[in-house]
Each structure stands twice: as structure tokens, then as C-alpha cells.
Amino acid sequence: MSFGTKTFGMGTLARRILGVAFALSLCLSIAPAQAADPIKVGFSMALTGAVAPNGKQMLIALEIWRDDVNAKGGLLGRQVELVYYDDQSNPANVPGIYQKLLKVDNVDLLVGPYATNMVAPAMPVIIGQKKTTIGLLALGINQHFKYPQYFSMVPAGPDGIKSFSEGFFKIASEQKPKPKTVAIISADAEFAKTAAGGAKANAEKYGFKVIYDQSYPPPTQNFSPIVRAVKAADPDIVFVASYPPDTVGIVRAIHETDYKPKMLGGTMIGLLATPLRAQLGPLMNGITIMESFTPAPTFNFTGLQAVLAEYGKRAHGQKIDPFGYGFVPFAYAAGQILAEAVMQTKGVDNAKIAGYIRSHEFDTVAGKIKFGKDGEWAQSRMVFSQFQNVEPNNLMQFKDTKHLPVVWPEKYATGKFIYPYADAMK
């Protein structure tokens, strides 16, 4: 009995020792796992619908940024995970997506969304949860919300919405004889309406009389009646604020109606996409557009070429822009800014991250960026370019600025502006 009792005691001791060892090993295994939980970055993105050709570029850019960060050990020793949903280019889908990101997915950080129409409806949710975000190419968002934790990844500068048309009217005002009247046409949607409002302000600033100002519903497909109405008003210059599908329709209608104002262009977002440029070809000659990024030598910022080269590989076969100049640098730069703020504040406290972003300048693939009032860039870097001598069915002609030279401002110019529009069409 004593032997049996002794054996029993030894077994109990052994079990206790093993139990303690197991508990200790469990604690040790849990602690590193918790520390290594990924940092989740959430966003909605237009992957289908009207602006999907641009949204897909930005998703690839963010994936490249994520992979670059993770290859270097992640942020604060944690890998970065992207959590995103397709908003289908539909503003109505955005609030629900951001509710899910914040309350179900429990993301740590936010970027985006992409485009003014999608950022605006996301803001009440973001503000309600006191989160920080860097909106992607959205126009004039914080003039409404005045939210200190919002930042804009678009080089509009302190003049905000006016910068999207400033160069257009400045160029027009310098022509001899100076044109006098202007028509403004725009899509009846957030970005286009905002850009058109800035155009009206700049038209007044530079002494032009607006004799035609109309918007059209986004589903519009037949633009010939609109162009004929503008032609009947007979303005000297025409400013257009449009999205990709309507940009194509408007350009085609202008040629179908043989309309030749003295100057034509504006914030025609569709003409930022290389596949649409290749599709329209010579029909674009003479059109002057706003660009936020360009393959001009003065835009060759640190690290840019490596990102664009990787983008080109990933975009291959996806039927999207093969170069990504207009969108990729800004999405990747948003990631760079967020990463630096996380590392420097040593955490994912959104208020601290916003404070760091507000008070520092960032060196990114999109150039040096410092934020000012309302989270906009402290200095504008918008440029205006003009399509010249564009050839049919030639995608590669847009790899540089030979056929789309920057014509304003002078410090970024790579070519001379041709006036009137009819001469540039040749």
C-alpha cells in the first residue's frame, strides 16, 4: 500500500509539473502570437462600375506597398494586411462597407476610399468612429466636414477645388486675342459638380463670361444633343468635368458634330486612363486636360520607377492602364505616409497618427508632401497638358510626354500650347 501510495504521489507531482509546464508554454506561445497579429488596413475600392479602371490601379499600388512593407519586416514587427471591399463605384454602398470595416473586421487603420463620390459618404462613419484616413484623389471633401483627421492624396493645394481648373483659364487668358465667353458642362455627381463650381470661380477671376452652364445625369449615353446645345450657344472656350464613360461620349460627339471652339478641355477624368487614350487616339488632339501626375522628368521622384515597374508586371493582362502614372503614385504614397506615422508614433492610435501627419513633411514616390489647411496639400502641384499629334492605335506613345506635353505651369512644361483648338486638331 505504501508503494502504491508513493507511486500515486509521484504521479500527481508529475502531472502537476507537466500541467505547469504546459500552461507556461501556452502563455509563451500566445504572447508572441498576439504581438504578431497583423495590422489591418481597411478601405473600399471601386473594382467594378464607372471608375473601376482607376480603382483597380490603386488596389495594385496598395498591394505593392503592403508587400514592400512586409518584406522589410512589417510595421512595429507586425505584418500588414489589407481588408477591402468593392464599392462598385456606387456611393450608396460606401457607408455600409466602412461600418463593416470598423465594427466587424476591426481594422486598425484606414485609407481611401477612392474618388470624391465615395469619400464623401464615408466621412460620417469615419468621423463617428474618430478614425484617420487619407482620401484617394477626392476633391474638396473637408470644406464640408472640417475634420482634423482627414488628409487628401491629391495635389490640389490651398485653393482646393479651384486648382482643378486654374491652369485652364490661366492659359486661355494669355491667348491673343483673348477669348471672352465660356461654356461649362459637367456630370451631375459630386466630383464633377465640385470641379465645375471651381471652374465658374476661375472664369470670373480671369474675366470670362459664362454663357452656358449645364449638367447631365451620369447614366447619359447620347451626348450629341448636349454638344449641339453648347455649339448653339457659341462660347469661345468649353470646360468639361466628366467621368470615364461620359468623357468618351463627349469627345466622340464633338467630332460627330464637327464642333471646334477655340479651346476645349477641363477635368476629363477618362482621359487620364491610357486604354481610353489609345481608344480615342487622334480624336483627342487639341484637348487640354488637368493632370495630377505625369511622366515628365520633373516628376521622377525617389522610388517611383521601381513601383511603376512592379505595377506594370502586375497590371499585365488585366485590361487596365499599363503605366499607372495618374493613380499608382498617390495610392502607394498614401501607404508610405501611413507607415511612417505608425512607426514614428509607435502604435496605431489614430489621433496620434493624424497629429504626426499634420506636422511633418513626407518624401514619397509622388514627391515631397506636406499637408496644410483641411488636410489638403500645402502647395498645389496640378498641371495642364495638351494632346498633340496623337497617333491611332498606339498605346506606347503615352509612356512619355511627347504627345501629351505639359503646357502649364512653366516650371513643369515640356511643350508649347497650341491655340486655337482647330489648329491643334490637325
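The values are calculated or read from the model by the stated rules, or taken from the named source; none is laboratory data. From a predicted model like this one, the values you see are computed outputs, not experimental measurements. Cβ sites come from the backbone with ideal geometry, for glycine too, and all protein chains shown count toward neighbours. Heads up: the accessible areas ignore ligands, DNA and RNA and are worked out on the full protein's heavy atoms, side chains in. Shrake-Rupley method; radii C 1.70, N 1.55, O 1.52, S 1.80 Å.
Solvent-accessible surface of protein heavy atoms, probed at 1.4 angstrom with all chains present, puts Trp408, Trp377 in the order Trp408, Trp377, largest first.
I'd like the distance separating the alpha-carbon centroids of the stretch 375-426 and the stretch 205-282, in whole Å. That distance is 17 Å.
Paramagnetic label reach from Ala229 (point 7 Å along Cα→Cβ; backbone nitrogen cut-off under 11 Å): within the stretch 181-203, residues 185-186. In straight Cα distance, which lysines are under 16 Å from Lys40, not counting same-chain residues fewer than 8 positions off? The reachable lysines, counting only those whose Cα sits under 16 Å from Lys40, are Lys100, Lys103, Lys131, Lys346.
With a 1.4 Å probe rolled over the protein heavy atoms of all chains, the accessible area of His255, His316, His144 falls in the order His316, His144, His255, largest first.
Surface composition of the chain: carbon and sulfur atoms hold 56% of the protein heavy-atom accessible area at a 1.4 Å probe. With respect to the chain, whose longest principal axis is taken over its alpha-carbon atoms, helix 190-205 is tilted by about 40°. Heavy-atom accessible area for Asp213, with the other protein chains in place and a 1.4 Å probe, reaches approximately 60 Å². Dipole orientation for the chain: of the candidates Pro235, Asn54, Ile269, Asn54 has the Cα lying most toward the positive pole (charges on Cβ; Lys, Arg +1; Asp, Glu -1). In this structure the amide hydrogen of Gln88, modeled in the peptide plane, comes within under 5 Å of the amide hydrogens of Leu47, Thr48, none closer than 5 places in sequence on its chain.
Solvent exposure of the chain, expressed per residue, is 43 Å² of accessible area, with all protein chains present and a 1.4 angstrom probe. Each of the peptides 350-362, 157-169 was scored by the mean count of other Cβ atoms within 10 Å over its residues; in descending order, highest first, they stand as 157-169, 350-362. For the chain, the fraction of C-alpha pairs more than 26 angstrom apart is 57%. Ranked from largest to smallest solvent-accessible area, with a 1.4 Å probe on the protein heavy atoms, Arg314, Arg228 come out as Arg228, Arg314.
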